[in-house]
1. Consider Ser52 against the criteria (1) at negative phi; (2) surrounded by fewer than 18 Cβ atoms within 10 Å (Cβ to Cβ): it satisfies all of them except one. Which criterion is unmet?
2. Here is a list of conditions, (1) within 16 Å of the ligand (Cβ to nearest atom); (2) farther than 18 Å from Pro116 by Cα; (3) outside any strand (DSSP E or B), and Asp181 meets all of them except one; can you say which number that is?
3. Name the residue, out of Gly226, Gly251, Gly257, that is farther than 16 Å from Asp149 by Cα, touching a residue at least 60 places away in the same chain (Cβ under 8 Å) and surrounded by fewer than 16 Cβ atoms within 10 Å (Cβ to Cβ).
4. Among the residues of the range 141-151, how many are within 22 Å of Ala217 (Cβ to Cβ) and not in a helix (DSSP H, G or I)?
5. All but one of (1) surrounded by fewer than 17 Cβ atoms within 10 Å (Cβ to Cβ); (2) more than 17 Å from the chain's Cα centre (by Cα) hold for Tyr18, so report the exception by its number.
6. Give me a count of the residues in the range 120-168 that are within 16 Å of the ligand (Cβ to nearest atom), touching a residue at least 60 places away in the same chain (Cβ under 8 Å) and surrounded by fewer than 21 Cβ atoms within 10 Å (Cβ to Cβ).
7. Considering only the range 229-248, state which residues are in contact with a helix residue (DSSP H, G or I) (Cβ under 9 Å, 6 or more places away or on another chain) and touching a residue at least 40 places away in the same chain (Cβ under 8 Å).
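Just so you know, all these numbers are worked out from the coordinates, no wet-lab data involved. A quick note: this is a predicted structure, and the numbers were derived from the prediction, not measured. Cβ: placed from backbone, ideal geometry, glycine included. Neighbour counts: every protein chain shown.
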Amino acid sequence: MYMVGTVVIKWGGGLITYKDELCKPNLEVIRSLAEICSKTDKKLVIVHGAGSFGHLKAKNFRLAEGRVEGLQQDHAVVEVRQDMLELNHLVVTSLKSRGLDVRSFPPHEWAEGTGPFFSGDLPLHSGVTVVYGDVVEDQSCGFGILSGDDLMVRYATEIPDVVRVIFAVHGVDGILSVPPDKAGPNDLIKVWSPGMEFEGEHASEIDVTGGIGLKAARGAMIAQHGIEVTLVNGENYERLYNAIEGKSVIGTRIIAGNS
Ligand code: IP8
């Protein structure tokens, strides 16, 4: 039987939202990504990030640390989950409007714990599966932030026939060897493996998860399973489409290295 295979793709939160304006989606990017995803015959699992629908409030209320004594966090947990549902709704609606058979599974309903070894059976739809970074329950901390990058690891390595994995990010063509604002075309690292130095725009004053460094690390974990992993500029739609189809594109191939 001919298998088209599944592509697991991350829509970075910085790509689909304006990262420093609370709950502001980038609708044009969301629409374009949905269009690209409707053009392939590959089966898709789409994992989207949070951007300004998650990180700003999560940072203010220290949600990534779990329950902090003396801090009123419960309303923030509820609000961030609600904000994420709203962003997820925009993503799902735009995919559906392209004619795709889509189902979304909010992680706070089925996942527990944080990091790449969180628990919960991975829900999968026969059409396009959508999940996202969320505030989930955590046995030891009460709750925590499960990053979409961690969802990527489990989806990429546990579901059948994954042919490749793509991280679509904002503002850079891939992993860079110098800070993004100083980078020229020669500063793009074409093949990255753990241990190689790089520069990332991890805005720790905004992000509660790990920025590009987390994507690189999680990408390498996935590559260890023999799966092709590429990080591309998500605003270059042609590149993104070609990456989904398995063509070689400008971006960073992440490999496992010898470690
Ligand atoms: O943007 C973070 O997910 P990520 C989720 O995929 C929240 O790291 C709610 C901040």
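1. (2)
2. Going through the list (1) within 16 Å of the ligand (Cβ to nearest atom); (2) farther than 18 Å from Pro116 by Cα; (3) outside any strand (DSSP E or B), Asp181 breaks only (1).
3. After applying the criteria, what remains is Gly257.
4. Number satisfying all stated conditions: 5.
5. (2)
6. 3
7. Once the filter is applied, which keeps residues that are in contact with a helix residue (DSSP H, G or I) (Cβ under 9 Å, 6 or more places away or on another chain) and touching a residue at least 40 places away in the same chain (Cβ under 8 Å), the range 229-248 yields Val229, Thr230, Leu231, Val232, Asn233, Gly234, Glu235, Tyr237, Leu240, Tyr241, Ile244.
Yes/no per residue for (1) more than 16 Å from the ligand (Cβ to nearest atom); (2) out of contact with any Asp or Glu (no Cβ under 7 Å at 6 or more places or on another chain); (3) more than 26 Å from Thr114 (Cα to Cα):
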{"site": "Ala217", "(1), (2), (3)": "no, yes, no"}
{"site": "His225", "(1), (2), (3)": "yes, yes, no"}
{"site": "Glu228", "(1), (2), (3)": "yes, yes, no"}
{"site": "Glu235", "(1), (2), (3)": "yes, yes, yes"}
